[in-house]
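Enquirer: Have a look at this one before I ask anything.
What follows is calculated from the coordinates using simple rules that are stated; it is not laboratory data. The structure presented is a predicted model; accordingly, all values stated were derived computationally and were not measured. Methodologically, a virtual Cβ is constructed for each residue, glycine included, from the backbone with ideal geometry; neighbour enumeration extends over all protein chains shown.
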Amino acid sequence: MPTLRTIFPAVFAAVLLLAPAVSARQRGDERNVFRSYYTPEYLAFRARIMAEFSGVKAGKFSEFVKPSRKDTAKNGDLKVMALTFDACGGRHSGYNAALIDYLRREQIPATLFVSGIWLEKNKSTFAELAKDPLFEIENHGLMHRLCSTEGRTMFKVHATRNLSDVIDEMELGARRISGLSGRRPLFFRSATAYTDELSLKVAKRLGMEVVSYDILSGDASKASAKTMEKNILKGARHGAVVIMHFNHPEWHEKEALEMAVPELRKRGFSFARLEDFTIQ
Ligand SMILES: [Zn+2]
């Protein structure tokens, strides 16, 4: 059976756009912004988690490392998909207001993965999204680093150096979100979706589940709306997680969804947030 990788090689190559290069100086500035999070309480907590996982191997490194799960929509409907949108941050900390307006107009529930660095530049927008029950806010990492406990990377993307950094990405990202919204995230997506098996275990220990995707929309490779529509319709099945972005107003997610959603609805699909699925 052909895999997504064989179907969309060019799209995969372009995934590097998910996590644009950030200068060392900019990273230093970002660390300064977050310095206040490294409290004695947090450092002790992190040390405990590190001790618990001492000697555990990193395991497989892939964008499809994920827990085996079977999703059933809580309402019993068996044709439900999850539209997920990332806000990566760094140089790309924009906001696709037209896309969010469209989701609201059509009453399409969606899951928004937000990084700490995007949030820092979009606080009022974040507050507005977090209080809208149509949206579920989830964790895209404190500084949008690819989470590898061995310091591995893909597409030359800025990555964590070790387990300690992975815990920072996950736990401090979650604390940043819950500190502003009052709700602690349940899901975590690593930058580029690549991660390793140890990171999965750490996320679980921290009360979060790592989520990758089933359908690559193609937005990060600047696909046309038509191509994105095709990708979404081709992969449509119950429980499928579609990955898109909402930090690039110049991309074509809204136009693609304007074409794909009526067709999916015609086929009997509805949409739900990730937290609306029962994981078995
Ligand atoms: Zn991202």
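Enquirer: Can you pull out every residue in the range 187-205 that is touching a helix residue (DSSP H, G or I) at 6+ places or on another chain (Cβ under 8 Å) and surrounded by fewer than 18 Cβ atoms within 10 Å (Cβ to Cβ)?
Expert: Within the range 187-205, Arg205 is the sole residue that qualifies.
Enquirer: Continuing with this model, one more query. Just wondering, is there one or more residues in the range 225-240 that are within 17 Å of the chain's Cα centre (by Cα), closer than 17 Å to Phe113 by Cβ, within 15 Å of the ligand (Cβ to nearest atom) and of a type outside the set (D, E, K, R)?
Expert: Within the range 225-240, none of the residues are within 17 Å of the chain's Cα centre (by Cα), closer than 17 Å to Phe113 by Cβ, within 15 Å of the ligand (Cβ to nearest atom) and of a type outside the set (D, E, K, R).
Enquirer: Please name all residue pairs, on different chains or six or more residues apart, with Cβ atoms under 6 Å, provided the first residue is in the range 248-274 and is without any contact (Cβ under 8 Å) to a residue 24 or more places away in the chain and the second residue is surrounded by fewer than 21 Cβ atoms within 10 Å (Cβ to Cβ).
Expert: none
Enquirer: Still on this structure, please answer the following. For residues that are loosely packed, with under 15 Cβ neighbours inside 10 Å and closer than 16 Å to Thr195 by Cβ, tally how many sit in the range 34-68.
Expert: Pass one, the range 34-68, residues loosely packed, with under 15 Cβ neighbours inside 10 Å: 35-36, 38-41, 43-45, 47-48, 51-52, 54-57, 60, 62, 64, 67-68.
Cutting the leftovers down to closer than 16 Å to Thr195 by Cβ gives us 56-57, 60, 62, 64, 67-68.
Total meeting the criteria: 7.
Enquirer: Got a number for residues in the range 130-182 being farther than 26 Å from Val56 by Cβ and among the β-branched types (Val, Ile, Thr)?
Expert: Qualifying residue count, the range 130-182: 2.
Enquirer: Just one of (1) surrounded by 17 or more Cβ atoms within 10 Å (Cβ to Cβ); (2) over 23 Å from Glu171 (Cα atoms) trips up Gln107, so point out which.
Expert: Among (1) surrounded by 17 or more Cβ atoms within 10 Å (Cβ to Cβ); (2) over 23 Å from Glu171 (Cα atoms), the lone unmet condition for Gln107 is (1).
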